[in-house]
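I have placed the structure first, in the form of structure tokens, so that the comments after it can refer back to it.
The values are calculated or read from the model by the stated rules, or taken from the named source; none is laboratory data. Just so it is clear, the structure is predicted and the values come from calculations on it, not from any experiment. Note that each Cβ is placed from the backbone with ideal geometry, even for glycine, and that neighbours are counted across all protein chains shown. Quick note on the areas: whole protein, heavy atoms, side chains included, nothing else; ligands and nucleic acids left out. Shrake-Rupley method; radii C 1.70, N 1.55, O 1.52, S 1.80 Å.
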Amino acid sequence: MESIELLINRKKVKVEVDSNTPLLWVLRDHLSLVGTKYGCGIAQCGACTVWLDGEPMRSCVLPVSAVGKSAVTTIEGLNEKAEHPVQVAWDELDVPQCGYCQAGQIMTAAALLKKNPKPSHDDIVAGMSGNICRCGTYHRIHNAVKRASEIASASNSSKKK
Amino acid sequence: MKTTRRSFIQKTALLSGVFSLGFDWFESKANAGIIQQMNPVLDANRFNAFLSIENTGKVILYSPNPEIGQGIKTAFPIVVAEELDVDWKQVEVRQANLDTQLFERQVTGGSGALKHSWERLRKAGATARQMLVQAAAQQWGVDAISCKTSKGFVIGPNKGQKLAYGALVDAASKLPVPSEVTYKSRSDYQLIGSFVKGVDNYKVLTGKPQYGLDTQKSGMVVAQIVRPPAFGSTLVSFDAAEVKKMPGIIDVVSFKNKVAVVGKSTWEVMQARKKLVCSYSDTSNLESDSTHQKWFDEGMKTDKVKVERKDGDFHAAIAKAAKVIEATYECPFLSHTPMEPMNFFADVRPGSILLAGPTQVPQSAQKAVATLLGVPENTIQVELTKMGGGFGRRLNNDYALEAAELSSIIKMPVKVMWTREDDMTGGIYRPAVRYHFKAGLNEKGEMIAFYLRGVGLNAGNSTRQDNFPVGAIDNVLIESFNYNSAITTGPWRAPITNFLASAEQSFLDEVAAAAGKDPIQMRLDWLQKVKTNPVGKITYEPDRFIEVIKQVAEKAKWGKKGANVHQGFSVYFSHLSYVAQVAEAKIVDGEAKVTHLTAVTDCGEVINRSGAENQVIGGIIDGYGHAMFSKLSFDKGVPQQKNFDTYKLIRGNEIPTVEAHFVNNGIAPTGLGEPALPPTGGAVANALFAATKKRLYRQPFAGPDNANL
Ligand code: FES
Ligand code: FES
């Protein structure tokens, strides 16, 4: 057991856990942040995707000791009012079926758009193909990433004005 | 539509300002018991009336059916809200917990939920609306007939007569429940058939706890269960000494061939279970893929089959056929792999039991736990959580029973979680099946004889003997043979038809080719015959079949897409819905690739366009992905794929584009969670044949047995 300090969703927290514990289980079991999902535990499905300093990571294979001072962002910290362009687009296109994979999809998509604000269709498909959706919502996911990019660029240009 | 007095329970609001209408699903049951059941003081969490309206105008609708991603929690309320005539924005939908007194069919499976409830939902909405209108009419001293409603308001005949439902709540709740109600006419629908977003979207998008695995209760411990690695193995003994030394471990107990490791946190349990040493004894014949192949071979030869259907004389007809076509098709076991693995919470105390978790059949969980623990059913409360998919897996409550049994042993509230490996290797699979088809054609190329034998492993009757083209063919023989395997199986999205349709629709393509006929025209000719001169019992409506076929031919531009687009057709009737599909394949860099699918669905009235599209497209991707890629194989009883690194599910870079069209004919709605899946495998195989001239007889098509793909 170790006492570990983490910066999660802009808040400092302290947990007492074995330092090998994957971040996923620290979030879910110790911090009651259950929005991040378990799907496979071996970095295959993307359900557990969170950000480490803005970079998408598979939290199921990331030991909490490796987080260090990096800022962790989970689905709960993306935008609580669901106003992030990706969340808005996801709702507008009604992407979720069972919804279980969607936190991971959304965190992946939002990270993708930060790097590449105007992705081509091929960029989107390639960027999202690491995340499994068992319900088969892939078409709407791809369309929603595109839509999110439009929403983001519209709000950016209106901010500039 | 007539309402018997007893079918509604009106809840006169003791707490003023709320009008609630409870819908008595059991018309035969006396009311008294039910009224007692209902909490006299309106407690939003416990009160399970079907709809209630607050005097603020807010409408609360309770969705009784478990939500697995099929959209029922949105679709049901749409129907009520439509007939009630309220603004969708004023509606809040809540998941009702299991209550066998108030709700009749709290089951998700078989695509039957909406069909079952259509009339009842409409009646619930229309009855409340009529009472609100009556209340307004009395207040204004006008005839109710002269009033109308719009988006949560009653509007009277005279100027200025407009009252919000919320203002009428008290008066309406004192009125008698009308015995007869009128429904909206279809042309006035505003919600039904529109694009309505999922009611849980906000929670999903912001990561709010709602799934079974998210369950946290005070004093709760977590557990994982080690099951025998091979089907056919029995636990003899185990040594948990090392496990118990691991941090966070509370207990290790054994029941029914299983060892449960109980601890404080998921990761600690995951680590500790690795230290468990178990010894197992094996049955003499642990099954491998080769065993199954042998059984299929035997099953194809045995004369101990069950005859499922017989029309005319197949043997005589095939003997004089001018041409005989035969083919054999086979599919492997499949895991359901919903994204959220199995899990359940149980808190078993003397005299009261709380269960919570993802199940498609909460009532049978309640019953089974009552039997298991020898307690009365009414001491067991079941909370329904949202489900991260089900695909049929959660029709089997084995994991809920485990949780209950474990809690009763350790006397603690416990959440049992299956890891992905547990989920994939823990049983209840889509059964492996082999089919053999035979068709006899006369000189004119007409099919005069049709034969099917299905050999399944724990599949029961692996045929659907009354399905089209049966009914159009004079001489038919359908047989099934089942092997009892140690590998456990259960319904998997579109049970049996998920592969039967693929095999059959591929075979009919071969028949059409042999007969020199267009595969679409061949079906249309048969359906014409069914209309005028059906053979034996018919379970489908030929006109609805004809309509989806004609529409898909038109939408997909059948035969008109040029030489580089290779099309494959299929059509199937299941779960009372009709779906026709055309798949397109192209040769890309020398390889055949499925690029597009067009589907036309007749599921009667489309309730929610968004949800309906999701179900059809999702079903097609599911059907396509599993037909192409997925397989669970066995070696000495042990599943060889344990996680997504070896068990392949389709990913976003492997999908064809899909177009989903609906006939939307206003007939009472039928299932949608399943029917789009069965036709896909056949359409895909036929398109790939058109592209490569190679027939595909084994799933997965992209597996080593079909190496040219
Ligand atoms: S749970 Fe982490 S990638 Fe699947
Ligand atoms: S929405 Fe169900 S797994 Fe993606």
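Within chain A, what whole-number % of the accessible surface is contributed by carbon and sulfur, with the 1.4 Å probe and all protein chains included in the calculation?
Details: 3260 of 6490 Å².
So the carbon and sulfur contribution to the accessible surface is 50 percent.
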Worksheet item: Counting other Cβ atoms within 10 Å, which trypsin sites (Lys or Arg not before Pro) in segment B:172-201 have at most 16 and lie in a DSSP loop?
Response: B:Lys174
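Let a ≥ b ≥ c be the square roots of the eigenvalues of the Cα gyration tensor of chain B; is it rounded (a/c under 1.5), or, if not, prolate (a/b larger than b/c) or oblate?
Values: a/c = 2.08, a/b = 1.18, b/c = 1.76.
It comes out oblate by the Cα gyration axes.
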Worksheet item: So, in nm, how far is label B:Asp289 from label A:Val13 when the simple model puts each one 7 Å beyond its Cα toward the Cβ?
Response: 4.4
Discussion item. Projecting each Cα onto the charge dipole of segment A:85-160 (Lys/Arg +1, Asp/Glu -1 at the beta carbon, about the Cα centre), which of A:Ser153, A:Cys135, A:Val95 comes out farthest on the positive side?
Written reply: A:Ser153
Worksheet item: For the pair B:Lys217 and B:Glu443, how long in nm is the line joining their label points, each one 7 Å along Cα→Cβ?
Response: 7.6
Worksheet item: Using θ = phi - 60° and the Karplus curve 6.51 cos²θ - 1.76 cosθ + 1.60, what whole-Hz ³J(HN,Hα) does each residue of segment B:449-461 get, with Gly and Pro shown as x?
Response: 9, 9, 10, 9, 10, x, 10, x, 9, 6, 10, x, 7
Fill in: Residues A:Ala126 and B:Lys537, FRET efficiency given R0 of 60 Å [Cβ-Cβ distance, rounded to 0.05]
0.70
Fill in: Paramagnetic label zone (point 7 Å from Cα along Cα-to-C-beta, B:Lys557; backbone N under 20 Å) in segment B:664-706
B:684, B:687-688, B:690-691
Worksheet item: Which of the aspartates and glutamates could be linked to B:Lys531 by a straight reach, that is with a Cα gap under 13 Å, when you skip same-chain ones fewer than 8 residues away?
Response: B:Glu541, B:Asp543
Worksheet entry | Amide H contacts of B:Leu384 (H built 1.01 Å from N, under 5 Å, at least 5 apart or other chain) | B:Leu98
Fill in: Whole-angstrom gap from segment B:259-306 to segment B:488-542, using each part's C-alpha centre
36
Worksheet entry | Protein accessible surface hidden between B and A, which excludes ligands and nucleic acids, total in Å², probe 1.4 Å | 4500
Worksheet, complete the sentence: 1/(1 + (r/R0)^6) with r = Cβ-Cβ of A:Asn156 and B:Lys89, R0 = 25 Å, i.e. FRET efficiency to nearest 0.05, evaluates to 0.30
Worksheet item: Which aspartates and glutamates have a Cα lying under 15 Å from the Cα of B:Lys560, excluding residues fewer than 8 positions away in the same chain?
Response: B:Asp518, B:Glu584
Worksheet entry | Filter on B:Lys208/B:Lys411; A:Lys115/B:Lys264; B:Lys411/B:Lys631 - keep pairs with C-alpha separation over 32 Å | A:Lys115/B:Lys264; B:Lys411/B:Lys631
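Run the numbers on chain B and let me know its relative contact order in percent, using alpha-carbon pairs under 8 Å that are six or more apart.
Working: 1591 pairs, mean separation 96.1, N = 709.
With pairs under 8 Å counted, the relative contact order is 14 percent.
Please compute the average number of Cβ atoms from other chains found within 10 Å of each residue's Cβ in peptide A:74-82.
Details: counts 1, 5, 4, 2, 3, 2, 3, 3, 6.
Going residue by residue through A:74-82 and averaging, the value is 3.
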Worksheet item: Which whole number gives the average, over all residues in A:30-38, of C-beta atoms from other chains lying within 10 Å of the residue C-beta?
Response: 5
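Can you tell me how segment A:85-160 classifies by the Cα gyration tensor, rounded, prolate or oblate, using a/c under 1.5 as the rounded cut?
Details: a/c = 2.17, a/b = 1.56, b/c = 1.39.
Here segment A:85-160 falls in the prolate category.
Let me know the charge dipole size of segment A:85-160 about its Cα centre in debye, to the nearest 20, where only the beta-carbon of Lys, Arg (+1) and Asp, Glu (-1) is charged. All intermediate terms of the calculation are to be shown ahead of the outcome.
Numbers: 9 positive and 6 negative charges, 52 e Å.
Using Cβ point charges on Lys, Arg, Asp and Glu, segment A:85-160 gives about 240 debye.
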Worksheet item: Which stretch or stretches of segment B:234-250 have amide N atoms under 14 Å from the point lying 7 Å from B:Ile409's Cα along the Cα→Cβ direction?
Response: B:235-240, B:250
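Would you calculate a helix-derived [θ] at 222 nm for chain B, using -39,500 (n - 2.57) for each DSSP H run of n ≥ 4 and dividing by the full residue count, to the nearest 500?
-9000 deg cm²/dmol, from helical runs alone.
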Discussion item. I need the peptides B:389-399, B:200-210 ranked by packing, meaning the mean over residues of other C-beta atoms within 10 angstrom, with the highest value on top.
Written reply: B:389-399, B:200-210
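Taking 0.36 nm per residue of sequence separation and subtracting the Cα-Cα distance, how much length would be gained by fully extending the chain between A:Asn143 and A:Glu55, in nm to one decimal?
Length gained between A:Asn143 and A:Glu55: 29.5 nm.
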Worksheet item: Other chains near B:259-266: what is the mean number of their Cβ atoms within 10 Å of each residue's Cβ?
Response: 2
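Go ahead and estimate [θ] at 222 nm for chain A from helices alone: -39,500 (n - 2.57) per DSSP H run with n ≥ 4, summed, over the residue count, rounded to 500. Could the numbers behind the result be given before it?
Details: 5 runs with 57 residues, N = 161.
Calculated mean residue ellipticity at 222 nm is -11000 deg cm²/dmol.
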Discussion item. How much accessible area per residue does segment B:595-660 have, counting only protein heavy atoms and a probe of 1.4 Å, in square angstrom?
Written reply: 25
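Which entries of B:Lys73/B:Lys593; A:Lys12/B:Lys89; A:Lys114/B:Lys203; B:Lys320/B:Lys529; B:Lys537/B:Lys593 show an alpha-carbon separation above 32 angstrom in the structure shown?
Those over the limit are B:Lys73/B:Lys593; A:Lys12/B:Lys89; B:Lys537/B:Lys593.
Please state the charge dipole magnitude for chain A, taken about the Cα centre, from unit charges on C-beta atoms (+1 on K and R, -1 on D and E), reported in debye and rounded to the nearest 20.
500
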Worksheet item: At what distance in angstrom do the alpha carbon centres of segment A:85-161 and segment A:17-40 lie from each other?
Response: 24
Worksheet item: Given H placed on each backbone N at 1.01 Å, which residues far from B:Asn608 in sequence or on other chains put an amide H within less than 5 Å of it?
Response: B:Gly193
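Take the cross-link list A:Lys14/B:Lys244; B:Lys294/B:Lys642; B:Lys517/B:Lys693; A:Lys11/A:Lys146; A:Lys81/A:Lys118; B:Lys197/B:Lys386 and give me the ones stretching past 19 Å between alpha-carbons.
Details: A:Lys14/B:Lys244 27 Å; B:Lys294/B:Lys642 24 Å; B:Lys517/B:Lys693 17 Å; A:Lys11/A:Lys146 31 Å; A:Lys81/A:Lys118 24 Å; B:Lys197/B:Lys386 16 Å.
Over 19 Å apart, Cα to Cα: A:Lys14/B:Lys244; B:Lys294/B:Lys642; A:Lys11/A:Lys146; A:Lys81/A:Lys118.
Using R₀ = 45 Å, calculate the FRET efficiency as 1/(1 + (r/R₀)^6) where r is the Cβ-Cβ separation of B:Glu298 and B:Gln528; round to 0.05.
Working: r = 40 Å, r/R0 = 0.89.
With R0 = 45 Å, the Cβ-Cβ based efficiency is 0.65.
Taking a ≥ b ≥ c as the square roots of the eigenvalues of the Cα gyration tensor of segment B:182-307, is the shape rounded (a/c under 1.5), prolate (a/b larger than b/c) or oblate? Before the final figure, lay out the partial values.
On the way: a/c = 3.75, a/b = 1.22, b/c = 3.07.
Taking the square roots of the gyration eigenvalues as a ≥ b ≥ c, segment B:182-307 is oblate.
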Worksheet item: Could you list, bin by bin from short to long, the percent of Cα-Cα pairs of chain A in 10 Å steps?
Response: 11, 40, 32, 14, 2, 0
Discussion item. I'd like the distance between the alpha-carbon centres of segment B:204-226 and segment B:170-189, rounded to an integer number of Å.
Written reply: 41
